[in-house]
1. For the range 84-95, enumerate the residues that are open to solvent by 80 Å² or more (accessible area, probe 1.4 Å) and either of a type outside the set (D, E, K, R) or under 16 Å from V31 (Cβ atoms) (or both).
2. Tell me which of these W136 doesn't satisfy, since it passes every other one: (1) farther than 28 Å from Q101 by Cβ; (2) part of a loop (DSSP other than H, G, I, E, B); (3) of a type in the set (F, W, Y).
3. Just a yes or no: is a residue in the range 101-110 modelled with pLDDT of 85 or more and open to solvent by less than 80 Å² (accessible area, probe 1.4 Å)?
4. Do we find a residue being assigned to a strand (DSSP E or B) and either free of Cβ contacts under 8 Å to residues at least 24 places away in the same chain or open to solvent by 60 Å² or more (accessible area, probe 1.4 Å) (or both) anywhere in the range 115-127?
5. Give the range 158-180 a look and list any residue that's exposed (fewer than 15 other Cβ atoms within 10 Å of the Cβ) and among the polar types (S, T, N, Q), or say none.
6. Of (1) open to solvent by 40 Å² or more (accessible area, probe 1.4 Å); (2) over 19 Å from M112 (Cβ atoms), P196 satisfies all except one. Which?
7. Residue by residue through the range 136-157, note down the ones that are of a type in the set (A, V, I, L, M, F, W, C) and open to solvent by 60 Å² or more (accessible area, probe 1.4 Å).
8. Kindly establish whether V133 is open to solvent by less than 80 Å² (accessible area, probe 1.4 Å), under 16 Å from K200 (Cβ atoms) and of a type in the set (A, V, I, L, M, F, W, C).
Amino acid sequence: RRPPRSTQSRSSAASDVYKRQVLTCTFSVEVDSYGAKRTVELVPGGASIDVTQENKHEYVEKYLDWLFNSSVESFFEAFKKGFYKLYNGEITKNCDPEELQLLICGSPVLDMKELQRVTTYDGGYTKESPTVVSFWMVIHELTAEQQKRFLFFTTGSDRAPVGGLGSMAFHILKNGEDGDQLPTAHTCFNYLLLPPYKTKEKLKSKLLVALNNAEGFGLL
């Protein structure tokens, strides 16, 4: 009669079985390439290597390396080539990542008081004109998202340039008469064409219609 296996032996055997348990995938990834499916091996011969409890951590490392590096390498190299055509090595050496992002993308923080301070007026408007006073009251009442849409509507970008909104040129031009006409903009020149609405409520209503329809074949 065989002696009973010790608890330690049974535990070791169970551990070996657990480690060899197959997790229904291999060291490969199936990707869609222009409508056709193809298999990418994460390691040489990976399509024939099962992922088990024992090697699952290695699988995760290989998969993440493929996902964030190998799978986008050609796209990143094309981006890098174009990036260095615009921004030479000296700029990247002298800026940390946050400064570089600010330089390229602009600031997401919008200080509308600074924009109001540098705005110039034309076509009969001054900063004391009733429509202009109502306009800035409306702008300061907008939500942060609506203010971003306003900046996009008038400048083509929803971010402030380096130096903030106070560093840019912005113009408000009187356009037409009070009526059903909506505000329009010349984004290349940062010009807002604003009809002389007689009430703040009407101005806000017309402005929001313009902001909410200022994409594609909209009102830009």
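1. Within the range 84-95, Y84, L86, N88, N94 meet the criteria.
2. The failed condition is (2).
3. yes
4. Filtering the range 115-127 down to residues assigned to a strand (DSSP E or B) leaves 119-122.
Narrowing further to those that are either free of Cβ contacts under 8 Å to residues at least 24 places away in the same chain or open to solvent by 60 Å² or more (accessible area, probe 1.4 Å) (or both): 120, 122.
Taking every residue of the range 115-127 in turn, at least one turns out to be assigned to a strand (DSSP E or B) and either free of Cβ contacts under 8 Å to residues at least 24 places away in the same chain or open to solvent by 60 Å² or more (accessible area, probe 1.4 Å) (or both).
5. First, the residues of the range 158-180 that are exposed (fewer than 15 other Cβ atoms within 10 Å of the Cβ): 162-163, 167, 169, 176-180.
Within the range 158-180, S167 is the sole residue that qualifies.
6. Condition not satisfied by P196: (1).
7. Just the residues of the range 136-157 that are of a type in the set (A, V, I, L, M, F, W, C), to begin with: 136-139, 142, 144, 150-153.
Correct list: M137, A144, F152.
8. When the stated conditions are applied, V133 passes them.
The values are calculated or read from the model by the stated rules, or taken from the named source; none is laboratory data. Because the structure is predicted, anything quoted here is derived from the model rather than measured. Every residue, glycine among them, receives a Cβ derived from its backbone with ideal geometry; neighbour counts consider all protein chains shown. The accessibility values were calculated without ligands, DNA or RNA, using every heavy atom of the protein model including side chains. Shrake-Rupley method; radii C 1.70, N 1.55, O 1.52, S 1.80 Å.
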